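Report on the structure given below.
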Ligand SMILES: [Zn+2]
């Protein structure tokens, strides 16, 4: 951090503010403390009527060309449900109905928290976008595990498989991984 976004000063220290336990960027001019907290990623695991799930081939880096669940960063002033629906619409054009939170997945080293909802297609409509160059529904037996973009995706899909095999499991899964 080079300049204070509050007063424009270039006098920024990286120190533990009084009463705090972690180092923060602090403007020595106006004393503003800048907190840096994990980012939230919201998205959906979407089923069609044949119990297949939607994966999108990434048209952008990182992990260009790998398969991903539709998801993206939650915006400020946005509800998590609305963010999940927006990401699906932006990446696939699909209208879906949320069916509850499926998984919470924490990647502390990446400063990310994933919130993945379960959702159902409301029609067959999808469209390709610059973010998604291919959109396909896969049966749970045909998931391209080696070509999944992120471990968070694999974790979410494995939990869906676990739930189908053992409906007595706690439906919401919470996981935490270094990467
Ligand atoms: Zn300042």
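Quick notes on this one:
- Filtered residues of region 99-114 (kept if over 20 Å from residue 131 (Cβ atoms) and in contact with a helix residue (DSSP H, G or I) (Cβ under 6 Å, 6 or more places away or on another chain)): 103, 105
- For region 27-40, the count of residues that are more than 16 Å from the ligand (Cβ to nearest atom) and assigned to a strand (DSSP E or B) is nonzero.
- Residue in region 157-170 that is in contact (Cβ under 8 Å) with a residue 24 or more places away in the chain, more than 14 Å from residue 69 (Cβ to Cβ) and surrounded by fewer than 13 Cβ atoms within 10 Å (Cβ to Cβ) present: yes
- Condition met for residue 87 (more than 16 Å from the ligand (Cβ to nearest atom), exposed (fewer than 12 other Cβ atoms within 10 Å of the Cβ) and not in a strand (DSSP E or B)): no
Here, each number is a calculation from the coordinates, and none is a lab measurement. Quick caveat: nothing in here was measured; it's all calculated off a predicted structure. When we count neighbours, we look across all protein chains shown, and the Cβ atoms used for this are built from the backbone with ideal geometry, even at glycine.
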